[in-house]
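Structure, as structure tokens:
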Amino acid sequence: MSKSKARTQHGLIFLTVLVDLIGFGIVIPLLPLYAEHFNAGFVELGILMALHSGMQFLFSPLLGRWSDKVGRRPVLMISIVGNVIAYSVLAGASSLWMLFLARFLSGVSSANISTAQAYMADITPREKRAGAMGMIGAAFGIGFVLGPLISATTSGFGIHVPFLVAVGLSLFNACWVAFKLPESLPPAKRKPGMGKLSILPHHRLAEVGDVDRGWLLRLLSVYFLNVTAFSGMTTLFVLFTNRRFGFEEAQNGWLFTLVGVIGVVIQGGMIRRIEPKVGAYKLALLGAIILAVTLTLMPWTSNWTLLILFTILVATGNSLVQPSLNTIASRIACDQSQGTVLGLMASSGSLGRVVGPVVCGWLLSSNVGPGFGSLALWCAGGVAVLAALALASLGGPAPHQR
């Protein structure tokens, strides 16, 4: 593949993921307060946040494996249409059960991220995949810039308006994939003889080809713990700022915008320059340590200066660790198993986004600590410490990469 064609395809898949994630970013700052309009309690909020990721956990390996068989483009197309339906239900919700339905549908549809990562791996040499995975991370970052910004600027016209914007963006994305995005996996490289498809991700460990499965399982555990800690924090963050500082949709939108800007700077540019010199493993370990220390200290947030500082540090740690772990995973997989391995990574992250919100939602009702959400934040910090220790125990990249 020529360099110009590769750059074009990188740009096309980047835009596809970006538009998908802008819609996701629109929802995050609104959902906790939106759910309270329907009298959702803390535990119900945790389950509502977890439902989306629970469906990702079940369906990411299925979609990743399916894309190894039929190609990346059809999977992306079908899942984006699913998002159109999900956001439409969310915009028209009149009761709490409709929010749960919308989150169910969006979770199944958003399991396509592993397919997008596999697409990027298809068109990128192994030695340059850190930068490519950083582009996916940057799409997350920009999505978390533009999505919350759209929420902040359009929610004043009605609480349903931001969700209608998400519907429009998803429709545009469906058209974009249908008419502009080429297939990245030629038939000759597709995995034949797939047999019966299963949504149970642990079955996929037997199908990842020439990979040290024990080492991969440990890497998956690190990713699960890291995402559990971060998702627990993000679940309570909107209510945390609302209860402690009186923040509403607009102010929280700006804070999430800050998180997105940091993600763009680190994952979109900085990490691809630093990783060849430092290595993905060391960057992941640094990010895990930053995240663990910050989450543990966050309950003592007493003013806006500390809130902004802790927000910056959490965003920095997460922006370092997640794309670095995905880079490590992509490098240990053979060409025929990229979708499967990255689907396993996405599923372990999705499982973390189930456990984190449910546990933190349950702990939000506790009055232990210096203020609202303290016990939940300490729990998230403890899990982040475990993630850092588990990552340190790996001792570096996979043995065959050293």
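The values are calculated or read from the model by the stated rules, or taken from the named source; none is laboratory data. As the structure is a computational prediction, the values presented were derived from the model and not from experiment. Every residue, glycine among them, receives a Cβ derived from its backbone with ideal geometry; neighbour counts consider all protein chains shown.
Here are a few things to note about the model shown:
- Filter pass, A35 being in a helix (DSSP H, G or I), modelled with pLDDT of 90 or more, more than 17 Å from L239 (Cα to Cα) and among the aliphatic types (A, V, I, L, M): no
- Failed item, numbered, when F163 is tested on (1) of a type outside the set (S, T, N, Q); (2) more than 18 Å from the chain's Cα centre (by Cα); (3) in a helix (DSSP H, G or I); (4) modelled with pLDDT under 85: (4)
- Restricting segment 303-317 to residues that are among the hydroxyl-bearing types (S, T, Y) and touching a residue at least 24 places away in the same chain (Cβ under 8 Å), the residue that is farthest from T234 (Cα to Cα): T316
- Scope segment 23-46; condition touching a Phe, Trp or Tyr at 6+ places or on another chain (Cβ under 8 Å) and within 16 Å of L105 (Cβ to Cβ); matching residues: G23, I26, V27
- Filter result for G46 (modelled with pLDDT of 85 or more, within 19 Å of the chain's Cα centre (by Cα) and surrounded by fewer than 22 Cβ atoms within 10 Å (Cβ to Cβ)): no
- Single residue of T124, T115 found to be farther than 30 Å from A376 by Cα and surrounded by fewer than 22 Cβ atoms within 10 Å (Cβ to Cβ): T124
- Just one of the listed residues (V75, V81) is surrounded by fewer than 21 Cβ atoms within 10 Å (Cβ to Cβ) and either at pLDDT 90 or above or part of a helix (DSSP H, G or I) (or both), and it is V81.
- Filtering M55, M133 for residues that are farther than 30 Å from I274 by Cα and part of a helix (DSSP H, G or I) leaves a single hit, M55.
- Conditions (1) part of a helix (DSSP H, G or I); (2) modelled with pLDDT under 80; (3) more than 23 Å from the chain's Cα centre (by Cα): number failed by S393: (2)
- Hits in segment 239-256 (condition: closer than 17 Å to G156 by Cβ, buried (at least 20 other Cβ atoms within 10 Å of the Cβ) and of a type outside the set (F, W, Y)): E249, N252, G253
- In the set T305, T327, T257, only one residue is touching a helix residue (DSSP H, G or I) at 6+ places or on another chain (Cβ under 8 Å) and farther than 22 Å from R72 by Cα; that residue is T257.
- Filter result for L105 (at pLDDT 90 or above and closer than 20 Å to F256 by Cβ): no
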